[in-house]
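Undergrad: Here's a structure for you.
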Amino acid sequence: MSKELSKEELDERIAILKRFRKLLEQQRNKFQEYLLVLESQEGKIEMEDGDSIAAHTELENQIVKNLASLQKVIVPMQGMYNAIMPGVPARDNASVEQLQLDLANLQKQVLAQNERNRTLLQSQMGKIKNQLGNMNLMNPYRGRSSVYAEKQAVGSVIEYNA
C-alpha cells in the first residue's frame, strides 16, 4: 500500500534533504580544517614553538565551537531527514550516506591526530621539566639562604690613623 506524495510534500522533502546535505558538507569542511590545524600543530609542538602552539590552540577552540553550533542544527535536521527518508530518491539518499561516512572517517582521523598531539605535548613537557630540574641541580647557589652567604675572610680590626 504505497502512498502517493503530493507536489508540496515532495518539494518539502527535497528542501529538507538539500539543507541536511549542505549542513553535512559544512561539517565535513570544518572537520577537514580542524584536521589541518592539528597536523600543523604537531609540527609546532616538535619545534617547541610556544607562540605558534598557543595560536593553533586558539584557532582549534574556534573550530570546535563552530562544530558544536553546527551540530546543534544538524541533530534536528537529521531527525527530519530520517522521518522523510522513505520518500527520498535513492540517488539523493546515497549522497547523504556518503557524506555521513566521510564525516565518520574524518572524526576518526581528528581523534587520532588529537591523541598524537596530546602524547607529543606531554613528552615535550616532560623534557622541559627535566631540563628545569637539571638547571636547578647545576645552580651554584642552590641550598644557600643568600647569594652573599659564602664564608669569606672578613676583617675584624679597623685601623685608624689621624
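We did not get these values from a lab; they are worked out from the coordinates using the rules stated. Being a predicted model, the structure only gives us computed values, none of them experimental. Note: ideal-geometry Cβ built from the backbone for every residue, glycine included; neighbour counts use all protein chains shown.
Undergrad: Given charges of +1 on the Cβ of Lys and Arg and -1 on the Cβ of Asp and Glu, with all other atoms neutral, how large is the dipole of the chain about its Cα centre, in debye to the nearest 20? Each step should come with its number before you reach the end.
TA: Numbers: 21 positive and 21 negative charges, 71 e Å.
Charge dipole of the chain: 340 debye, to the nearest 20.
Undergrad: Please determine, in degrees from 0 to 90 and to the nearest 10, the orientation of helix 50-84 with respect to the longest principal axis defined by the Cα atoms of the chain, where the helix direction is its Cα long axis.
TA: Approximately 20 degrees, to the nearest ten.
Undergrad: Please list, or write none, the aspartates and glutamates whose alpha carbon is within less than 14 Å of the alpha carbon of K129, excluding same-chain residues fewer than 8 places away.
TA: E48
Undergrad: Subtracting the Cα-Cα distance from 0.36 nm times the residue separation, let me have the gained length for R118 to I16 in nm, one decimal. Let's see the in-between values first.
TA: Numbers: separation 102, 0.36 × 102 = 36.72 nm, distance 3.89 nm.
Result: 32.8 nm gained on full extension.
Undergrad: With unit charges on the beta carbons (Lys and Arg positive, Asp and Glu negative) and the dipole taken about the Cα centre of the chain, which residue among I128, A83, Q26 sits farthest to the positive side?
TA: So the residue furthest toward the plus end is A83.
Undergrad: Checking the cross-link filter: which lysines have an alpha carbon closer than 30 Å to that of K108, excluding same-chain neighbours under 8 positions apart?
TA: Of all the lysines, those that pass the test against K108 - Cα under 30 Å, at least 8 places apart if same chain - are K18, K22, K30, K44, K65, K72, K127.
Undergrad: Please quote Rg/Rh for region 46-141 to two decimal places, taking the Kirkwood radius as Rh and restricting both calculations to Cα atoms.
TA: Working: Rg = 22.5 Å, Rh = 17.6 Å.
The Rg/Rh ratio comes out at 1.27.
Undergrad: Tell me the label-point distance for the pair L5, N29, using the 7 Å Cα-to-Cβ offset, in nm and rounded to one decimal.
TA: 2.6 nm
Undergrad: Using only Cα atoms, find the angle between the long axis of helix 90-138 and the longest principal axis of the chain, and express it within 0 to 90 degrees, rounded to the nearest 10.
TA: 0 degrees
Undergrad: Under the 0.36 nm per residue contour assumption, what length would be gained going from the current alpha-carbon distance of K127 and Q107 to full extension? Working shown, then result.
TA: Numbers: separation 20, 0.36 × 20 = 7.20 nm, distance 3.02 nm.
This chain segment gains 4.2 nm when fully extended.
Undergrad: Kirkwood hydrodynamic radius, computed over distinct alpha-carbon pairs, for region 7-68: how many Å, to one decimal? Mind dumping the intermediate values first?
TA: On the way: mean 1/r = 0.0733 Å⁻¹.
Taking the inverse mean of 1/r over all distinct Cα pairs, region 7-68 comes out at 13.6 Å.
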